[in-house]
Amino acid sequence: MAKIIPEKTPMAEQDPKERIRNFNEVPFGYTEKEAILEAQRCLQCPKPYCVDGCPVNIDIPGFIRLVAEGDFLGAARKIKETNLLPAVCGRVCPQEEQCEAMCVLSKKFEPVAIGRLERFVADYERQAGKAEKPAIPRPTGHRIAVVGAGPAGLTVAADLIQKGHDVTVFEALHALGGVLVYGIPEFRLPKSILQHEVNYLASLGVDFEPSFVVGKTETVDELLEKYDALFLGVGAGLPYFMRIPGENLNGVYSANEYLTRSNLMRGYLFPEWDTPIKRGKNVAVIGGGNTAMDAVRTALRLGAENAYLIYRRSRKEMPARLEEIHHAEQEGVQFRLLENPVRIIGDENGWVKEIELISMQLGEPDESGRRRPIPIPGSEHTLKVDTVVVAIGQGANPLLISATPGLKTNRWGYLEIDPATGLTSRERVFAGGDIVRGGATVILAMGDGRRAATAIHEMLR
Amino acid sequence: MPRIVEKEVLAPGIKKFVVEHPLIARKRQPGQFVILRVHEKGERFPLTIADSDPERGTVTIVVQEVGRSTMELGLKEAGENILDFVGPLGKPTPIEKYGNVVCIGGGVGVAEILPVASALKQAGNHVVGIIGARTRELLIFEEEMRQACHELIVCTDDGTYGVHGFVTSPLKEMIERGDTIDHVFCIGPVLMMRAVAELTRGPAIPTSVSLNPIMVDGTGMCGACRVTVGGVTKFACVDGPDFDAHEVDFDLLIKRLQQYRDEEKISLELFKKKLGNMAVESSQAVAN
Ligand SMILES: Cc1cc2nc3c(=O)[nH]c(=O)nc-3n(C[C@H](O)[C@H](O)[C@H](O)COP(=O)(O)OP(=O)(O)OC[C@H]3O[C@@H](n4cnc5c(N)ncnc54)[C@H](O)[C@@H]3O)c2cc1C
Ligand SMILES: Cc1cc2nc3c(=O)[nH]c(=O)nc-3n(C[C@H](O)[C@H](O)[C@H](O)COP(=O)(O)OP(=O)(O)OC[C@H]3O[C@@H](n4cnc5c(N)ncnc54)[C@H](O)[C@@H]3O)c2cc1C
Ligand code: SF4
Ligand code: SF4
Ligand code: FES
């Protein structure tokens, strides 16, 4: 056996000083040579633990072998057997907690860069324009309505159209992709990639109905009269606020609003695009997840001189992807760890001018297993800011659920489902993704979509 | 893409559009609104549904041109499409039998109070309407409101028509006279809604106002539309837009409406320049 190369093949990326002035993607991706080199690091384990770490169980050694052999299109086909959106997952999966965490190499060395390889393969296929279209079987005559065009909904649509069913996707916003289009910024996931995937689904025959709010434009019960089954993939799009004084001051945003203005509405291109966003000089983002990281890096790119990330625990507990924490640091984000906002202070015109923080220390572990942050009495202090972005998480949006009698929810407002099928408490109504799990990940949402699609197909047979 | 089937200029800067959207036409109830986007680079902005014709499959919106987005809509003509048109959003105004109600509309708010007034009349209420505008030529839907109400009082700020003064003066008179008023509904500029709320607070007349904060998605996803009502933060697009006038923090609403004043100016200037160029181009085209 060849000698193990201890480290991942590096992936070139934009210089941090350059990239904080643009919204272009940060990493450039592997070249063919680099991809092959990295693929050769894989030991082709007979019992590949990496596969167990992937929520959709991609045949990781299988596709990596094809990469090593230079058969990139074959590798793409292999991945797509289980993952509809590899170009997305390769970029946004928390690999360090999933596939790569389980790679045997990671015990002693750096794991195989599975995510980077996946991304390379998907990009190669897209750029080659060689995505193969599956043969669509004869129409079954069954009609399925998918509610929400996020990763969960898109997966259901892809799977069921390939079974010959008639699929319509209803989406509240004018654009398709869910969080991938309104939340995750261009510098992490270029819109063109998603557009390509949506176009592909449309070319397979999926109907898209944007600007259609289920529960308002039509209800679940009305759709059930016209469709044989429904899939609810409406996400967890209800922004939480901290309920501290000053949260409604001008210049205080939810991360959803901040990111929607910037991404979906292209606020960063104002005034060429018409939706404005405040270009704060001193911006505080509250939170430590992917959303917070996206918001604080957006603030830098909008011209912030000081972009603070305020997180009440320590770095170890931050739920964001490692790579993004690292990128944020490189870009000059100022981490204010073990600090928590107490109130936001405004000027006479109702604009934010300061935020009052209290220092925290870590106590005993809480239900989540992370050490509970405890305020240190008397440690209050203020920070001068003109923009505050609250990114402390989100919950279940009640709009559809409250308009649908008989949908059972748990105590957090998320939908209750049969874990084996995704079936909700309503007949013929399935669900998955964040509306079931709470804020989770793209790949988990897609896994849910796949499981529900299988169950729907079974039900209709 | 929803098509505009009719356009009418109601007053300088106030235009009515009848738009084809059978689903919204069937579903919408008084008090609800749509969010629209006129072109790819445009903003999403809300407009109240003034009327609908479920049979024809059309909804009516009335827009006052105050900035770039509303002006861009104003330029659209019958036969053209509106890029995005989503609704009906928001909670409907609760239409019940209250008894004696007063429906107040100011400016473009007259178009917004109209569906509420007619629904209340149909529900068996005695409806007094009070509508107002800055000046006579800006008054809209007088005839429609007359149909929708049992009595209608018209005011103009400058006295060019009807009662000289604000919509609050006839209301004040009614209250002082001791008229029975079971509920007041009011839609218009924020300052007007606040003045009405102050008038009805003392005599404790239940009063609903329809709030108009800045919105983005209109589905409760972003929180841009936060308003404080009774000390609690609400999202106007899903919890409203109607709220108890006596509980609303109007000062906050006024401040939040000014958040993008600088950007709105930039946007408008740019747009006017573009319009100017377009005008020059088209006059050149004519000259050629
Ligand atoms: C800023 C941000 C960054 C993230 N970064 C990562 C990351 O790096 N890696 C990762 O794995 N995960 C990340 N996540 C989490 C991930 O995006 C979500 O877990 C995933 O998108 C959930 O997919 P979904 O299909 O369940 O819902 P969503 O993606 O939320 O899509 C739901 C869709 O349904 C639509 N909808 C809602 N209600 C209705 C209705 N009534 N009618 C019609 N349509 C409706 C919504 O408009 C939306 O488009 C991030 C999340 C955010 C917010
Ligand atoms: C639920 C709801 C229903 C509405 N219904 C109608 C309607 O039926 N007809 C109609 O003409 N308008 C209505 N509005 C107001 C309309 O949405 C705004 O006038 C519009 O968004 C302004 O966009 P703009 O780009 O043209 O102007 P901007 O450039 O954004 O603003 C220009 C001026 O208008 C003010 N302004 C900005 N946003 C609003 C707002 N939301 N409400 C009031 N003033 C604002 C600004 O402070 C500024 O002075 C409604 C608003 C809401 C929230
Ligand atoms: S989908 Fe995500 S978890 Fe699965 S192999 Fe790809 S990067 Fe890893
Ligand atoms: S565990 Fe690591 S080395 Fe083994 S097959 Fe998977 S990626 Fe390759
Ligand atoms: S407009 Fe986004 S939550 Fe109301």
Can you tell me which residues in the range A:220-254 are more than 9 Å from every other protein chain (Cβ to nearest Cβ) and hydroxyl-bearing (Ser, Thr, Tyr)? A:TYR227, A:TYR240
Could you tell me whether the range B:139-153 includes any residue that is touching an Asp or Glu at 6+ places or on another chain (Cβ under 6 Å), outside any loop (DSSP other than H, G, I, E, B) and away from ligand 3 (no atom under 16 Å from the Cβ)? no
Of the residues in the range B:256-271 that are surrounded by fewer than 19 Cβ atoms within 10 Å (Cβ to Cβ) and within 19 Å of the chain's Cα centre (by Cα), the one that is farthest from the other protein chains (Cβ to nearest Cβ) is B:LEU257
If we scan the range A:167-186, do we find a residue that is of a type in the set (S, T, N, Q) and either at pLDDT below 95 or part of a loop (DSSP other than H, G, I, E, B) (or both)? no
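For every residue, the table says whether it meets (1) free of Cβ contacts under 8 Å to residues at least 40 places away in the same chain; (2) crowded, with 20+ Cβ neighbours inside 10 Å.
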{"residue": "A:VAL179", "(1), (2)": "no, yes"}
{"residue": "A:GLY183", "(1), (2)": "no, yes"}
{"residue": "A:LEU189", "(1), (2)": "no, yes"}
{"residue": "A:SER192", "(1), (2)": "yes, no"}
{"residue": "A:GLN195", "(1), (2)": "yes, no"}
{"residue": "A:LEU201", "(1), (2)": "no, yes"}
{"residue": "A:GLU209", "(1), (2)": "no, no"}
{"residue": "A:GLU222", "(1), (2)": "yes, no"}
{"residue": "A:ASP228", "(1), (2)": "no, no"}
Flagged in the range B:214-237 as at the interface with another protein chain (Cβ under 7 Å from one of its Cβ atoms) and within 11 Å of ligand 2 (Cβ to nearest atom), in numbering order, are B:VAL216, B:ALA224
Within the range A:321-346, residues over 15 Å from A:ASN282 (Cα atoms), assigned to a loop (DSSP other than H, G, I, E, B) and at pLDDT 95 or above come out as A:LEU338
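Taking the range A:108-136 as the region of interest, how many residues are of a type in the set (Lys, Arg) and modelled with pLDDT of 90 or more?
Residues of the range A:108-136 of a type in the set (Lys, Arg): A:108, A:116, A:119, A:126, A:130, A:133.
Imposing the further condition that a residue be modelled with pLDDT of 90 or more reduces the set to A:108, A:116, A:119, A:126.
The number of residues fulfilling the criteria is 4.
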Can you find a residue that is within 14 Å of chain B (Cβ to nearest Cβ) and of a type outside the set (Ser, Thr, Tyr) anywhere in the range A:363-382? no
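Condition first: more than 16 Å from ligand 3 (Cβ to nearest atom), in a strand (DSSP E or B) and outside the structural domain of B:GLY42 (by TED's automatic domain parsing). Can you find one or more residues in the range B:164-173 that meet it? Spell out the reasoning first.
Kept after step one, since they are more than 16 Å from ligand 3 (Cβ to nearest atom), are these residues of the range B:164-173: B:164-173.
Retained after the next criterion (residues that are in a strand (DSSP E or B)): B:164.
Applying the additional criterion that residues be outside the structural domain of B:GLY42 (by TED's automatic domain parsing) yields B:164.
There is at least one residue in the range B:164-173 that is more than 16 Å from ligand 3 (Cβ to nearest atom), in a strand (DSSP E or B) and outside the structural domain of B:GLY42 (by TED's automatic domain parsing).
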For the range B:73-94, check the following and say yes or no: at least one residue is more than 14 Å from chain A (Cβ to nearest Cβ) and aromatic (Phe, Trp, Tyr). no
Odd one out for B:THR200 among (1) within 14 Å of chain A (Cβ to nearest Cβ); (2) of a type in the set (Ser, Thr, Tyr); (3) farther than 20 Å from B:PRO30 by Cα: (1)
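Is there a residue in the range A:78-85 that is more than 9 Å from ligand 3 (Cβ to nearest atom), at pLDDT below 95, of a type outside the set (Asp, Glu) and surrounded by 21 or more Cβ atoms within 10 Å (Cβ to Cβ)? Don't jump to the end; show me each part of the working.
First, the residues of the range A:78-85 that are more than 9 Å from ligand 3 (Cβ to nearest atom): A:78, A:80-81, A:84.
Still in the running and at pLDDT below 95: A:78, A:80-81, A:84.
From what is left, the residues that are of a type outside the set (Asp, Glu) are A:78, A:80, A:84.
So of that shortlist, the ones also surrounded by 21 or more Cβ atoms within 10 Å (Cβ to Cβ) come out as A:78, A:84.
Within the range A:78-85, one or more residues are more than 9 Å from ligand 3 (Cβ to nearest atom), at pLDDT below 95, of a type outside the set (Asp, Glu) and surrounded by 21 or more Cβ atoms within 10 Å (Cβ to Cβ).
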Pairs only if they're at least six apart or on different chains, beta carbon under 7 angstrom, first in the range A:418-445 and within 16 Å of ligand 5 (Cβ to nearest atom), second not in a strand (DSSP E or B); list them, first residue then second. none
State whether the residues of the range A:153-171 include one that is buried (at least 21 other Cβ atoms within 10 Å of the Cβ) and over 21 Å from A:ASN83 (Cα atoms). yes
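Out of the helices (runs of 4 or more DSSP H) lying entirely within the range A:1-85, which hold 1 or more residues that are more than 21 Å from the chain's Cα centre (by Cα) and without any contact (Cβ under 8 Å) to a residue 24 or more places away in the chain?
In the range A:1-85, the matching helices (runs of 4 or more DSSP H) lie at A:16-19, A:32-39, A:60-68, A:72-80.
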Check whether at least one residue in the range B:218-229 is more than 16 Å from ligand 5 (Cβ to nearest atom), farther than 20 Å from A:TYR182 by Cβ and more than 18 Å from the chain's Cα centre (by Cα), and report yes or no. no
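State the number of residues belonging to the range A:258-268 that are within 8 Å of chain B (Cβ to nearest Cβ) and surrounded by fewer than 24 Cβ atoms within 10 Å (Cβ to Cβ). Can you show your working first?
Within the range A:258-268, the subset within 8 Å of chain B (Cβ to nearest Cβ) is A:260-261, A:265-266.
Within this subset, residues satisfying the condition of being surrounded by fewer than 24 Cβ atoms within 10 Å (Cβ to Cβ) are A:266.
So the count comes out to 1.
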What about B:GLU43, is it at pLDDT 95 or above and under 25 Å from B:LYS234 (Cα atoms)? yes
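The values are calculated or read from the model by the stated rules, or taken from the named source; none is laboratory data. Only a predicted model underlies this, so the values are computations on that prediction, with no experimental measurement involved. Cβ: placed from backbone, ideal geometry, glycine included. Neighbour counts: every protein chain shown.
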